[in-house]
Amino acid sequence: MSRSGKDERRDNREEMRRDALKEARREMRGDERGESTGRLDQPQEKRASVLPRFSMDSENFGVASEKFARFMGTATFLIWMTLFVAIWLAWNTFMPESAQFDPRALNYTLLTLILSLQASYAAPLILLAQNRQDDRDRVGLERDRARDERNLADTEFLTREVASLRLAMRETATRDFVRSELRSLLEEMEERGMLASPEDDEEEAGGRAERSKNERKPRRKDASGGA
């Protein structure tokens, strides 16, 4: 039983090896033929493109389209376009048939083709310029909105500061309040006798004047006796 089990394991291993070798050979053959293996663990190789890749700066192309669209909307373009069409029609109408390159008999086919091509290219260029202008307007509106939000926040902050200053000013003492408090304090001190009243000040001043007079009189008498 043990030998038969070992033989079966060996056979299974050999079959697995054979299957792996077959799959590897298939993948190698597919790579040589240029066929995709279909495996997700292997990156696909870039294939060489038949058509040449044309790279263009979108910003420069957009600027050129805007310039062209603006030029088409000017009076200069209309005048030059009118002169071009008038000269074309006059040449192919009045010149001899041998000199005409777009004869009248064919209803000016070449001129019609040129004008239709111009219109077919002018419309997308104008739309491109308009889209770029819309993008700039959108950016400008976003900046204006952000600036308005900042101004609103600053205004609200200043309003709160002014309100707090008003509340603080209400608690501070005014000049009239200080005067009234000082007046009431002086009256209270006069009532308690801690401060002389104006009448007492006048009496004291009169007494001082009389004392000075009495002191001066004896000195005059002494001066006369000595003489």
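The values are calculated or read from the model by the stated rules, or taken from the named source; none is laboratory data. The structure displayed is predicted, hence computed values, not measured ones. All Cβ positions, glycine included, derive from the backbone under ideal geometry; neighbour counts span all protein chains shown. Heavy atoms of the whole protein, side chains included, go into the accessibility calculation; ligands, DNA and RNA do not. Shrake-Rupley method; radii C 1.70, N 1.55, O 1.52, S 1.80 Å.
Could you please give the count of residues in region 59-89 that are without any contact (Cβ under 8 Å) to a residue 12 or more places away in the chain and open to solvent by less than 60 Å² (accessible area, probe 1.4 Å)?
Counting residues in region 59-89 that are without any contact (Cβ under 8 Å) to a residue 12 or more places away in the chain and open to solvent by less than 60 Å² (accessible area, probe 1.4 Å) gives 6.
Return a yes/no flag: does region 93-102 have any residue that is at pLDDT below 80 and either open to solvent by 80 Å² or more (accessible area, probe 1.4 Å) or outside any helix (DSSP H, G or I) (or both).
No, that holds for no residue.
Of the residues Leu113, Leu152, Leu117, only one is over 22 Å from Phe77 (Cα atoms) and modelled with pLDDT of 90 or more; which?
The unique qualifying residue is Leu152.
Which of the following residues is among the basic types (Lys, Arg), part of a helix (DSSP H, G or I) and within 30 Å of Gly62 (Cβ to Cβ): Arg160, Arg147?
Checking each option against the conditions leaves just Arg147.
Of all residues in region 103-144, how many are surrounded by 10 or more Cβ atoms within 10 Å (Cβ to Cβ) and part of a loop (DSSP other than H, G, I, E, B)?
So the count comes out to 2.
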